[in-house]
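Before any comments, here is the structure.
Nothing in this text is a laboratory measurement; each read-out follows from the coordinates by a stated rule. All values derive from a computational prediction rather than experimental measurement. With ideal geometry, Cβ positions are generated from the backbone for all residues, glycine too; neighbour counts draw on all protein chains shown.
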Amino acid sequence: MTLRSTDWRTGVMFAVLAAALFCIPAHAGRPREIRYIGPPVSTLNSYLYTGGMYAQITLGTKEGLVQLGPEGGLLPAQAERWEISEDRLTYTFFLRRDNRWYDGTTVTARDYRAAFIYQMEPGRESKWLWDTPLQYVVKAMDFRNGAAREDEVGVDVPDDFTLRFRLARPYPAFMNAMVTGSMFPIHRGSLEAYGDAWHKLPNYQGNGPYRIVEWELNSHIILEQNPKYNLARGNLERIHSRFAGRPLEGYQSGEIDFALLPAIADIYYARHHPDLNDELVLTPTSGLSFVKFLFSKHPVYWDARVRRAIALGFDKRRIVESIFLGRETPMHMLSTPAMPDWDPGFGMRFDLEEARRLLSEAGYPGGKGIPESVILIPSYLAPEMVSQFVVIAAMLEENLGIRFRIDNQELGVYADKRVSLNPSDYAGFCFAASGAPWPNPIYGTQWIENVQWTDDPGVYGVWWEGQRRILQIRSGMIKLEGGENLSNFEPVRLRIGAYADSVTSLFANGRHGPHLRRQAEEAMSGWRQTADEIMRTAGGPDADLEWCWKALNVTLLQARQYYFQWSNTSDLRWRLEEMRQEAHHARSPSRQAEINREVHRLVQAFSWDFPLHVANATALVKPYVKGLKFCAYWWANPMYLKWIDIDDGGQQL
C-alpha cells in the first residue's frame with residue numbers, strides 16, 4: 001500500500017487522535033457537543049475507510065469485540081470475555097447478549113462472520129486486506145483467491161453468542177489486531193435486504209455509542225448518542241465534524257474545540273502564543289520515517305560497516321529541532337515509543353568517532369574512495385521533509401567526507417529504484433516510512449527483512465532479474481511461446497517438482513530449525529498443488545491454454561526463486577528467520593521480549609535501514625475536555641471518545 005507523505009501524516013494523526021476529535025462547550029439548553037474540522041467522509045462502508053474517515057465514523061458508529069483502553073491494553077467491548085488455546089491457534093469470543101443494532105435487533109456472532117466473509121469475497125474491494133488479521137485465519141486467503149469454499153474458512157459460530165477463529169499459524173498480535181475495521185460486524189438484515197447498498201443511509205446500521213443524524217457530502221457530518229448502546233461511556237452527547245476550514249483559525253475564534261496542526265508554521269505559532277502553548281498536546285505515534293539503502297552494483301554500501309557509519313554520522317536531534325520544531329521526535333532504533341519492544345536506551349545515536357572508525361576499518365578513511373552518492377526522495381514530500389535531506393547531505397560531507405546529491409523523482413521512478421539493482425554510478429539511500437497499525441509484541445521481527453539475505457550484489461542481481469521476469473510475464477510484457485501444445489506442460493510440472501525436492505534437501509539436515517522447515521514444506525506443497533490444478537484445468541474442455549501456460553511458468557519461476565534465495569542465504573539471515581518463527585510460536589511474553597531484543601541488536605548492526613524520526617500527533621485541545629487520552633496506532637480502534645467527559649463548570653462560552 002502506497003501512501004503520500006502529506007496524506008500519510010494527516011491520516012495517521014487523525015486516526016491517532018480520534019479520541020480527541022470531538023468536543024464543544026455545553027451550556028444551558030444545549031448538548032455537550034464537540035465541533036472540529038476533519039477530512040471529508042465519502043462512505044459509511046467501514047471496510048473502505050482510510051485515515052480520518054475511520055477515526056470519525058468507525059469510532060463513533062461501530063464497535064468490535066475488543067477495544068484499546070485509554071490507559072493502554074485491551075478491554076472487552078462487544079465481547080465480555082475470550083479464551084485462547086495453549087497453542088495460540090484458536091481464539092474463542094463470548095459476546096454480550098445485550099448488544100444492539102440501531103434498529104434494536106441483537107448483534108450476534110453470525111453478524112461478525114457475515115462481515116468477514118463479505119470483505120474476503122473474491123474481487124471485493126477492502127482497504128484492510130493488506131494487513132488484516134483475517135489473513136492468518138485458516139483458508140481465509142485461499143477463499144479470497146477463489147481456491148477455497150466459504151464453509152472452509154476458519155471462522156466458526158457454535159451459537160449466536162460464541163465466535164471462534166482458527167488460525168493457520170500463530171500470530172502474537174492477533175488480539176491487538178482485533179481492534180481494526182476489518183473486525184467490525186455487519187448488520188445481516190441490511191446486507192440481505194439491500195446488498196451492496198447496506199452502507200447507504202437510511203439502510204446503515206451501527207452498533208457503537210453514536211448514530212448518524214445528519215450527513216452532507218463535502219460539508220459536514222453530525223453524530224449523537226445511540227440510545228440502544230448500553231456499555232459504559234463518558235458524557236459526550238454530540239459530535240459535529242466540518243469538512244472544510246482552517247483548524248487554527250477556527251480554534252482561536254471559538255468555532256471549534258479541537259485543532260490538528262500538521263503544518264510546521266502552525267505548531268511554531270501555537271508554541272509561542274501565550275494563550276495557546278498550554279493547550280498544545282504532542283503524542284508520539286507509530287509513524288516512523290527512516291532511511292533505506294539502495295541496491296547498487298557498486299560494492300560500497302554492501303558493507304555493513306559503511307552503512308552503520310552513515311547512520312552514526314549525523315545528528316538527528318539537530319535536524320528535528322531546527323526543521324520540524326518538535327513535530328517529530330528523533331528515533332535511534334527501528335521501533336517507536338508506541339511499541340511494546342521500545343527501549344529508550346537502545347539504538348544508533350550520533351557518534352562521530354565511531355562512524356569515522358568504521359569507515360577507516362572498511363577501507364574508506366575520511367570517505368576516500370566512496371563515489372558521489374545519491375539520496376533518492378519521492379516528489380510528493382513536503383518542503384520540510386526535503387529540507388532535512390539537504391541538511392543530512394551537508395552533515396555527512398562535513399563529518400565523513402562523503403558527498404551526496406538529492407535525486408527528487410516522481411513516484412513510479414522512485415518506487416522502481418528502491419528495489420532494483422541500480423548501476424554502479426547510482427549508490428546511496430532513499431527516504432522510507434512505516435506505521436504500525438496496532439501494538440505488536442514482536443514488532444521488531446518485521447525489521448528482519450532489512451537484513452539482506454545476501455551481501456553479494458551479483459547474487460542479488462540474478463535474483464532480481466528473476467523477480468522482474470515474473471512481473472513481466474504476469475503483466476503480459478513477455479509472451480511465452482509453446483502454450484498452444486499441451487504436451488509442453490508436463491515437463492514444466494516435473495521441473496516444479498524437482499525444485500520442491502531440492503528445497504526438501506536444503507532443509508532436511510535440521511540445521512535451520514523446525515519452524516523454517518515447516519514453512520518450506522508448506523511452500524512446496526503449495527507449488528505442487530498449484531501445478532496439479534493448472535494441469536487439470538489445461539486438460540479440461542474449453543481450457544484457456546495461454547492462461548494456463550503462463551500460470552504454470554510463473555509457478556516454476558517462483559519455485560526457482562525460492563530455492564535460489566534460500567540456497568544463497570547468509571548464516572545471519574538464516575538465524576534471524578528462525579528467531580522470527582520462534583517469536584511467533586513463543587507462548588511466553590518474556591521469551592518474545594528476549595527474542596525481540598536480540599533481533600534489534602543484530603538488525604542494528606547489519607540492517608540496510610536506519611531510523612530518522614517518529615511523527616508526533618500535534619493538536620490544540622480545549623482545557624474543559626477531561627479524561628482525554630491519545631492512541632498512537634493509526635489503524636487501531638482508539639475508542640477513547642467514549643470516555644471523554646465535558647467539564648460543565650469549566651466551559652468557555
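Which whole-Hz ³J(HN,Hα) couplings does region 134-151 yield from phi under the Karplus relation 6.51 cos²θ - 1.76 cosθ + 1.60, θ = phi - 60°, glycine and proline marked x?
Once rounded to whole Hz, the list reads 4, 5, 8, 7, 3, 6, 5, 6, 4, 4, 4, 8, x, 9, 8, 8, 4, 6.
Tabulate in residue order the Karplus-calculated ³J(HN,Hα) for region 174-182, using 6.51 cos²θ - 1.76 cosθ + 1.60 with θ = phi - 60°, rounded to whole Hz; enter x for Gly and Pro.
Values per residue, Gly and Pro as x: 4, 5, 5, 5, 5, 7, 7, x, 5 Hz.
Just to check, using Stokes-Einstein with a Kirkwood Rh over alpha carbon pairs, what's the diffusion coefficient of region 561-623 at 4 °C and 1.567 mPa s in µm²/s?
Here the translational diffusion coefficient equals 88 µm²/s.
If you take the square roots of the eigenvalues of the alpha-carbon gyration tensor of region 322-397 and sort them as a ≥ b ≥ c, do you get rounded (a/c under 1.5), prolate (a/b over b/c) or oblate?
The shape class here is oblate.
Please state the relative contact order of region 165-324 as a whole percent: Cα pairs under 8 Å, 6+ residues apart?
Averaging sequence separation for qualifying contacts and normalising by length gives 9 percent for region 165-324.
Residues with amide H under 5 Å of Leu48's amide H, sequence separation 5 or more or different chain, H placed in the peptide plane at 1.01 Å from N; which?
Hits under the 5 Å cutoff: Lys127.
More than 20 Å apart: what percent of Cα pairs in region 265-387 qualify?
Working: 4309 of 7503 pairs.
Pairs farther apart than 20 Å: 57 percent.
Using +1 at the C-beta of Lys and Arg and -1 at the C-beta of Asp and Glu, which of Leu288, Trp198, Tyr118 has the Cα lying farthest in the positive direction of the dipole of the chain?
Sorting the options by dipole projection puts first Leu288.
Would you kindly derive the ³J(HN,Hα) couplings of region 413-429 from the backbone phi angles with the Karplus curve 6.51 cos²θ - 1.76 cosθ + 1.60 (θ = phi - 60°), listing them in order in whole Hz, with x for Gly and Pro?
Ordered by residue, 3J(HN,Hα) equals 5, 4, 5, 5, 5, 5, 10, 6, 8, 7, x, 4, 8, 9, 10, x, 9 Hz.
Which order do the peptides 154-164, 474-484 come out in when sorted by mean C-beta neighbours inside 10 angstrom, highest first?
154-164, 474-484
Report, largest value first, the span of the C-alpha coordinates of region 410-504 along each principal axis, in whole Å.
Principal-axis extents of region 410-504 (Cα, largest first): 50, 37, 29 Å.
Run lengths n ≥ 4 of DSSP H only: what is the helix-derived mean residue ellipticity at 222 nm for the chain, with -39500 (n - 2.57) per run over all residues, to the nearest 500?
-11000 deg cm²/dmol
Choose one of Gln388, Ala263, Leu217: the residue whose Cα lies farthest towards the positive end of the charge dipole of the chain (beta-carbon charges +1 Lys, Arg; -1 Asp, Glu; about the Cα centre).
So the residue furthest toward the plus end is Gln388.
Semi-axes of the equivalent ellipsoid for region 132-248, please: Cα gyration tensor eigenvalues, times 5, square-rooted, ordered largest first, whole Å.
Value: 33, 18, 17 Å, ordered largest first.
Give, rounded to the nearest 20 debye, the magnitude of the charge dipole that region 443-487 has about its Cα centre when Lys and Arg contribute +1 at Cβ and Asp and Glu contribute -1 at Cβ.
Roughly 200 debye, rounded to the nearest 20.
Find the relative contact order for region 232-308 and round it to a whole percent, using C-alpha pairs within less than 8 Å whose residues are 6+ positions apart.
12 percent.
What is the extension gain from Val390 to Glu533, computed as 0.36 nm multiplied by their sequence separation minus the C-alpha to C-alpha distance, in nm to one decimal?
Contour length minus the Cα-Cα distance gives 46.1 nm.
May I ask you to work out the translational diffusion coefficient for region 81-165 at 25 °C, viscosity 0.890 mPa s, via Stokes-Einstein with Rh from the Kirkwood sum over Cα pairs, reported in whole µm²/s?
Approximately 178 µm²/s, per Stokes-Einstein.
Hey, which lysines would be in cross-link range of Lys626, C-alpha to C-alpha under 16 Å, not counting anything within fewer than 8 residues on its own chain?
Within the straight-line limit of under 16 Å, Lys626 reaches these lysines: Lys642.
So, how do all the Cα-to-Cα distances of region 382-463 break down into 10 Å bins, in percent, from 0 on up?
Going from the shortest bin to the longest, the percentages are 12, 34, 38, 16, 0.
Can you find, among Ala593, Asn277, Leu486, the residue farthest towards the positive end of the dipole of the chain? Put +1 on the C-beta of Lys and Arg, -1 on that of Asp and Glu.
So the residue we want is Ala593.
With the contact rule set at Cα under 8 Å and sequence spacing of 6 or more, what percent relative contact order holds for the chain?
Answer for the chain is 23 percent.
Based on the Cα atoms of region 147-200, what semi-axes does the equivalent ellipsoid have, where each is the square root of 5 times one gyration tensor eigenvalue, given in whole Å with the largest first?
The answer is 24, 15, 12 Å, longest axis first.
Which of the peptides 558-564, 393-399 is most tightly packed, and how do the rest follow, going by the mean number of other Cβ atoms within 10 Å of each residue? Provide the component values of the computation, followed by the final result.
Values: 558-564: 19.1, 393-399: 16.6.
Put in order of decreasing packing, that is 558-564, 393-399.
State whether region 466-514 is rounded, prolate or oblate according to the following rule on the C-alpha gyration tensor (a ≥ b ≥ c being the square roots of its eigenvalues): a/c under 1.5 gives rounded; otherwise a/b larger than b/c gives prolate, and the remaining case gives oblate.
Here region 466-514 falls in the oblate category.
Please report, in cubic angstrom per residue, the volume enclosed by the convex hull of the alpha-carbon atoms of region 492-613.
Normalising the Cα hull of region 492-613 by residue number yields 158 Å³.
Compute the signed sum of charges (Lys and Arg +1, Asp and Glu -1) over the other residues within less than 11 Å, Cβ to Cβ, of Thr92.
Taking every Cβ under 11 Å from that of Thr92, the sum is +1.
Nearest 5 is fine: what % of DSSP beta bridges in the chain come out antiparallel, could you say?
Antiparallel bridges: around 75 percent, rounded to the nearest 5.
Out of residues 5 or more away from Gln67 or on other chains, whose amide H comes under 5 Å of its own, with H placed 1.01 Å from N in the peptide plane?
Answer set, sorted by chain and number: Leu75, Ala77.
Suppose every K and R has +1 on its Cβ and every D and E has -1 on its Cβ; what is the size of the dipole of region 327-435 about the Cα centre, in Debye to the nearest 20?
Result for region 327-435 is approximately 120 debye, rounded to the nearest 20.
When you count, for each residue, the other Cβ atoms within 10 Å and take the mean per peptide, how do 590-598, 32-40 rank with the highest first? Don't skip to the end; give the middle numbers.
Details: 590-598: 16.3, 32-40: 22.6.
So the peptides 590-598, 32-40, ranked by packing, come out 32-40, 590-598.
What is the dipole size for the chain, taken about its Cα centre, with +1 at each Lys and Arg Cβ and -1 at each Asp and Glu Cβ, in debye to the nearest 20?
Dipole size: approximately 400 debye.
Whose amide H sits under 5 Å from the amide H of Ala617, counting only residues 5 or more places off or on another chain, with H placed in the peptide plane?
Excluding prolines and chain starts, which carry no amide H, the hits are Thr283, Thr285.
Return the equivalent ellipsoid semi-axes of the chain as a descending list in whole Å, where each equals the square root of 5 times an eigenvalue of the C-alpha gyration tensor. All intermediate terms of the calculation are to be shown ahead of the outcome.
Working: eigenvalues 356, 258, 97 Å².
With the √(5λ) rule applied to the chain, the semi-axes are 42, 36, 22 Å.
Can you give the alpha-carbon Rg of region 503-543 over 2.2 N^0.38 Å, where N counts its residues?
1.63
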